[in-house]
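Just below is one structure, and these are the notes that go with it.
The values are calculated or read from the model by the stated rules, or taken from the named source; none is laboratory data. Predicted model only: the values in this text are computed from it and were never measured. Heads up, the Cβs are rebuilt from the backbone with ideal geometry, glycines too, and the neighbour counts pull from every protein chain shown. Note: accessible area is taken over every heavy atom of the protein model, side chains too, but ligands, DNA and RNA are not part of it. Shrake-Rupley method; radii C 1.70, N 1.55, O 1.52, S 1.80 Å.
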Amino acid sequence: MTMDRRGFLRGSGLAVGGLAAVSMMSKTVQKAEAGNAWQVGEVTRRKSVCTHCAVGCTVEAEVQNGVWTRQAPAWDSPINMGTHCCKGAAVRESTNGERRAKYPMELVGGKWERRTWDEAINKIGDEMLKIRKESGPDSVYWLGSAKHNNEQAYLFRKFAAYWGTNNVDHQARICHSTTVAGVANTWGYGAMTNSFNDMHNSKAILMVGANPTEAHPVAMRHVFKATEENGAKLIVCDPRFTRTAAKAHEHVRLRPGTDVALIWGILWHIFENGWEDTNYIQTRVWGMDQIRTEVAKWDPKTTEDVTGVTGEQLARVAKTLADNKPGTIVWCMGGTQHTTGNNNTRAYCVLQLALGNIGVSGGGANIFRGHDNVQGATDLGVLSHTLPGYYGLSTGAWKHWSRVWGEDYNWLKGQFANQKEMEAIGIPVSRWFDGVLEDPKNMENQPNPIRAMVFWGHAPNSQTRLPDMRKAMMKLDMLVIVDPYPTVSAVLSDRTDNVWVLPATTQFETYGSVTNSNRSLQWREKVVDPVFESLPDHTIMAKFAKKLGFAKELFRNIEVSSADEPKIEDITAEFNRGMWTIGYTGQSPERIKAHMANQKTFDRTTLQAVGGPVDGEYYGMPWPSWGTPEMKHPGTPNLYDMSKPVSKGGLTFRARFGVERNGQNLLAEGVYSKDSEIKDGYPEFTMQMLMDLGWDGDLTADERKAIDAVAGPKTNWKTDLSGGIQRVAIKHECAPFGNAKARAVVWTFPDPVPIHREPLYTPRRDLVAKYPTYPDRTFYRLPTLYESIQKVDYSKDFPIILTSGRLVEYEGGGDETRSNPWLAELQQEMFAEINPRDANDNGISEGAWIWLNSPTGAKVKVKALVTERVKPGVVFMPFHFGGWYEGEDLRSKYPPGADPYVLGESSNTAQTYGYDSVTQMQETKVTLCNITAA
Amino acid sequence: MARAKFLLDSARCIECNACVTACKNENGVPWGINRRRVVTIRDGKPGETSVSVACMHCSDAPCMAVCPADVFYQTEDGIVLHSKDLCIGCGYCFYACPFGAPQFPKATNFGSRGKMDKCTFCAGGPAENNSEEEYEKYGRNRIAEGKLPLCAEMCSTSALLAGDGDVIADVYRQRVVARGFGSGAWGWNTAYNKPTSEFSSKP
C-alpha cells in the first residue's frame, strides 16, 4: 500500500511533541473558561469573516457569557453558503486556544520575561527614538500585514508616513505583487476582475499555478457549479499533479518557471488557426501585433523543448479555450512567485485579451488572492512603493493625502529624513534583511542600515533565504513581534536580548471591514473581547503613536477612547474620503453593515440584491463603488464590462497610459459602456474636461468650491475630494477613469513584451544562452542580482528542481494553524514529495528522513513522501512549517506554553535568491537542490 | 419517520477536511480520536479519489450484532448510537465495522481499549438531550435541536450530504443528471442495501 500525505498521521496524540505542554499555561493569566452549551447565558449570534484565505467565507459565531461556544453554518453568505474548509471550520479555536502569546514579553539573557504594556511601549519606543536620532527614520522597518482589517491596514500605512519612512510593506509583496503590477499596467486595475460566483457562467476555466482545492477550497464549490451545470472544461497547468488537477479534464504538466513559454505556446495555436477575437482586439487592445511577433517563435517543437508539454496537448488546450467561451483564467503563487513573475501575469492577461474574454461575465482574470485581507491591505497601501489607493509617492500623492488627513504637508515632510527619501520607494519585505546586511554605500536612498525590525503579523518562514535572515536578525538592535502568536521570528535567530513579543488579538476579537479577493467589502462584528492581555492592532498603533509623539496629528479625524482604542468607523470614513482612484469611497460602514445584515437577499450567481433594503446593489459593493456613499453606486461586479452602464456597475478599460503611443491611438475605438454619452474612447476626467464638454454646470456649488481648492481646472477624478467630477461623469454614464484600450505591451517594464527567461537556478543550462536572465541592477534601494547568479552552473551537484506550495490544513507560515490542535492533528510532519525514480536513484525510502541540500550550503531535514505527484527531477515542499532549523528542533526557545503543536523545517531555509524585475517578488517556485538519506 | 443517511459524492470531495474539523469543533472530540476522516486512494496519480468516512449508521449494523455488552441501539431515524456506560472496550465492533468507524482512546492488543467513541450523526447518546452529561460522553445533539450533522452542513463543496436518505439521494441524482456521470455514492451498498430493521432497541 502506498502512503498518502496523511499516512504520516500518527495513531496517538501522545507521540506529538508539545502536546503534553497543553496544561503549562501560566497560572497568573487565565483566559475566559472555554464554554459548554450548558453555561448559563443567552446565545448571541455574531457574524465575522474567516481570517485565513481571501475567498471571504462568513463565519457565524455563537457566543455565551462572552465565550465563543459554537460555530454555525453561515447559510446566508452568498459566497460560502454555510460551508468552510478545515481551517474555516476550526477558527473558533483562535479565541479558545492555549498557544497564544498571552502578555507582552521581552527576551532577556535568552529568557522570556513578562512586561506590562506600558513598560513594553516605553522601552521599545525609547529605543526607536534613539535609532531615529542616530540613523534617521528609515532605520526602523514597519512590516505590516494582510491580517489587518482595512481600517488597521490604512492606519498602519498612515502611521509609517507619520513616523517618516517608506520602509513599510506587507506580504502582498511576496504574494501577488507581480499580479498587481502586471495586470494594472495592462488594463488599469490590478485585482481579480470577476468573482468566485461569476465562474458559474464560465464555459472554460484555465488554472495556471493555482491549486484551490488546497489554497481556496470553498472556491471549488463555484468551480464545480460551472463544470457540473454549465459543462465547463477545467484545465489545470501545474508542475505537480495537484488535488485540483485530479478534478480537471486536462492536466498540463509544465516545467517550473516556463509559464510565458507555455502561454505563448497555447497562443501560437490560437493565432495559427485564427481563433483570436479580431474585433475585440481592434477596438479594445493595443500592441497585439508585437505579441504576435514573439508568439511566432513558440512553435510546438520549441515550446515542448522549453516547457516539456507536447504541441498536441497545447493544440487541444487552445481549441478547448476557443470553443468554450466565455472562459476564465485563474492564477496564484505558481505564476506570481518568479523572477519573471510580471512577465507571467501579463502573458496570462494577453491570452485572455486575444480570446476577448475580459470584461465579460464568465470570463475575466480570476486571480485568487491569498490572505483574508491581502486585497484590502494592498488597496490601502501597506506597501513600500505607494500611499493608500495606489497613489504612489510623488509630491502630488503626498499632497492629496495631506489634504485628506487635514495635515500640513510641510510638517509631514519634516517627519522624513528629507523630501527625496519621502518620495523614494522603500525596501520591500522580500529583502528587508538585505537592508540590514548590505553596505549602505551600495544602497540608494538608504543612508544607514535598518536597525530595528517590527514584524506586525508576518511569518518570517514564508520568505526565502532564511540563513541570511538569521544573520540579519542577529545584527539588529531590536526585533519587535506584534502577533497573536510568537511566530518563528521569536525563535529563528540566536538572539538572547532585545526581542519583544506583543500579543495582538485575532480579527475575531475586534471589528471592521475586510476586502475579499473579488473586491467585496464585508464587515466583521467583534465575536469576543480580546483574550489574555492581547490588544487589537489599531489600539497598539495608538499606544505607539502616543509614545512616539504624533498621536494628536495621526488621529485628528478619528475618535480615540480612553483605553487608546481608535474608533474603527471613523477610520473607514477617513479612507472613504481619499480613496477615489479605486472607488473605496462609496462603501461607508453603514452600507457595508447593511449588506452583512441582508446577505440572504443577494443572488448567488450575479451577487446582486434582488429586492430588500439594498435592492440592486452588488454584494459588498465590489470596488470601484464610485463617488460618495450618498451617491449609492452599487459596486462593480465584473471589471471592464461594457454591457452595463457605469452607474449600474459597468466599466471600460482605464485610460492610464496616455492617449497615444508612437502615433497610435490608445483610447478605445468606437466602443463604450452602455448608455455612455461619449460614443467613443475618451481620456480620464478632469475639471477642464467637464468644462470642455459643457458638463461643469452639473456640479453643485460645494463641489465646485472643493475642486477649486485642489487645483481648479487641473483637478482630476482622483484628487477631487468632493467626488463631484466622478458624480458628473457617471451622470452622463462615462467612466471617471476614461475609456481606453488595454495594452498588451508595457513599454515601461524591463520586458515590454513578456518573454521567457530561464530561472536563476536552472537545470537547463543549454537554454541559458538563448533565454538569459536580466543584468544585475539596483532598484527598491537595493542592488539586485540576476546574471551574476545565473552564470554559475549548480546543476551538476544540484540536479533536482525544488518547488514549493500549500497544504489545505495550514496557512502562510503556519504559526496560527499549527497552534490549532484540530488542524495540527491532520498534518503532523514536514515532508518533501519525491518521485519514485529520484527516491530510488538516491537510496531514499518512503517515510524515511532525508536531507535536502541547497546550493547555498543550507539544508533541511524532512520526511520523504515518495509519490508520482511530482515528476522525476522535481521535488516539492510545503512552506507552512517552522520551528526547526537545519535539523535542530527549536521548541525550547518558544515562550513557555506558546509553542505550536507541530513544528518542522521551513522549506525557505533551502530556498534561494531571486526577485521579480519589477516588484521584488521572491522566487519560491524554481530553484535547485539535491537529496540524500539522513 | 425518515431514514437518516450519509452520502458521499466522491466526484466533489477535494479532501479539504472541513468535515473532520467541523466534527472536532462541534463535538469536542479529543486529539487521536477521529470520528470522521478523509481517505484518499491513488494519491498523486490520475484517478485520485477522496472519500470522507465515518460511521454510516448501517441499516443492519454489524457492530450491533457482535457487541457482547449490547451497548448499541438504533433510533427511529436509523441512527446507530451506543452507551458509553455499558461499553467494555473489547473492540469487537471495530473488527465488525466495514468502515473502520469505532475509535478507542487506548491503543492495546489486550485488555480494555477504553470506551468506544464514534460518529453519532450529531445525535448525542443515551443521556438527557443536550445535557452536560450527553455532551461530555457523546458530543452535541444537533438532531434534537432540529439540525443536521455539522460535517455535511459545512462541507466546502457539498460532497458530503446528510439527512433524510430519500432527500439526499434526490440531490445526488439531480447532480448526476446535470453532469452526466455518477461517483457511486461510496459505501451505500454496504451500509444500506439491506432493508431497514424495524427492530429498535432502546436500552
Can you tell me how many residues within segment A:46-74 are in a strand (DSSP E or B), among the small types (Gly, Ala, Ser) and more than 14 Å from chain B (Cβ to nearest Cβ)? 1
With the condition kept exactly as written, say whether any residue in segment B:146-167 is of a type in the set (Lys, Arg), more than 15 Å from B:VAL53 (Cα to Cα), open to solvent by less than 50 Å² (accessible area, probe 1.4 Å) and within 10 Å of chain A (Cβ to nearest Cβ). no
Residues (within 14 Å of the chain's Cα centre (by Cα) and in a strand (DSSP E or B)) located in segment B:45-64: B:VAL51, B:SER52, B:VAL53
Every residue in segment A:75-102 that is touching a Ser or Thr at 6+ places or on another chain (Cβ under 7 Å), within 11 Å of chain B (Cβ to nearest Cβ) and open to solvent by less than 10 Å² (accessible area, probe 1.4 Å), please. A:ASN80, A:THR83, A:HIS84, A:CYS86, A:LYS87, A:ALA89, A:ALA90, A:VAL91
Can you tell me which residue is most open to solvent (accessible area, probe 1.4 Å) among those in segment B:67-117 that are under 20 Å from B:GLY187 (Cβ atoms) and aromatic (Phe, Trp, Tyr)? B:TYR95
Counting just the residues of segment A:501-554 that are of a type in the set (Gly, Ala, Ser) and over 16 Å from A:ARG100 (Cα atoms), which one comes out most open to solvent (accessible area, probe 1.4 Å)? A:GLY549
How many residues are within 11 Å of another protein chain (Cβ to nearest Cβ) and open to solvent by 10 Å² or more (accessible area, probe 1.4 Å) when one looks only at segment B:130-139? 6
Scan segment A:480-487 and tell me whether some residue there is surrounded by fewer than 23 Cβ atoms within 10 Å (Cβ to Cβ) and part of a loop (DSSP other than H, G, I, E, B). no
B:GLY32 passes all but one of the listed conditions (1) facing another protein chain (nearest Cβ under 8 Å); (2) assigned to a strand (DSSP E or B); (3) in contact (Cβ under 8 Å) with a residue 60 or more places away in the chain; the exception is number (2)
Per the list (1) buried (at least 24 other Cβ atoms within 10 Å of the Cβ); (2) more than 11 Å from every other protein chain (Cβ to nearest Cβ); (3) within 28 Å of A:THR572 (Cα to Cα), residue check on A:ASN185 breaks on (1)
Determine whether B:ALA127 is open to solvent by less than 60 Å² (accessible area, probe 1.4 Å), more than 20 Å from B:CYS55 (Cβ to Cβ) and without any contact (Cβ under 8 Å) to a residue 40 or more places away in the chain. no
Those residues that are crowded, with 24+ Cβ neighbours inside 10 Å and of a type in the set (S, T, N, Q), I need them from segment A:321-368; list them, please. A:THR328, A:THR336, A:GLN337, A:THR339, A:THR340, A:ASN342, A:ASN343, A:ASN344, A:THR345, A:GLN352, A:ASN357, A:ASN366
Going through segment A:702-735 one residue at a time, which ones are part of a loop (DSSP other than H, G, I, E, B) and in contact with a Pro (Cβ under 8 Å, 6 or more places away or on another chain)? A:TRP717, A:GLU733
Which ranges mark the strands (runs of 3 or more DSSP E) fully within segment A:774-852 that have 1 or more residues being charged (D, E, K, R)? A:777-779, A:831-834
Boolean, A:GLU134 is open to solvent by 10 Å² or more (accessible area, probe 1.4 Å), at pLDDT 95 or above and of a type in the set (Asp, Glu): yes
Which residue is farthest from A:GLY882 (Cα to Cα), if the candidates are limited to segment A:758-783 and must be among the β-branched types (Val, Ile, Thr) and surrounded by fewer than 20 Cβ atoms within 10 Å (Cβ to Cβ)? A:VAL768
Assess whether B:ARG142 counts as being surrounded by fewer than 23 Cβ atoms within 10 Å (Cβ to Cβ) and under 22 Å from A:ASN80 (Cβ atoms). yes
Number of positions in segment A:244-261 that are within 9 Å of chain B (Cβ to nearest Cβ) and either among the β-branched types (Val, Ile, Thr) or open to solvent by 10 Å² or more (accessible area, probe 1.4 Å) (or both): 4
Selection from segment B:12-29 of residues that are more than 11 Å from B:CYS155 (Cα to Cα), in contact (Cβ under 8 Å) with a residue 60 or more places away in the chain and facing chain A (nearest Cβ under 8 Å): B:ASN25, B:GLU26
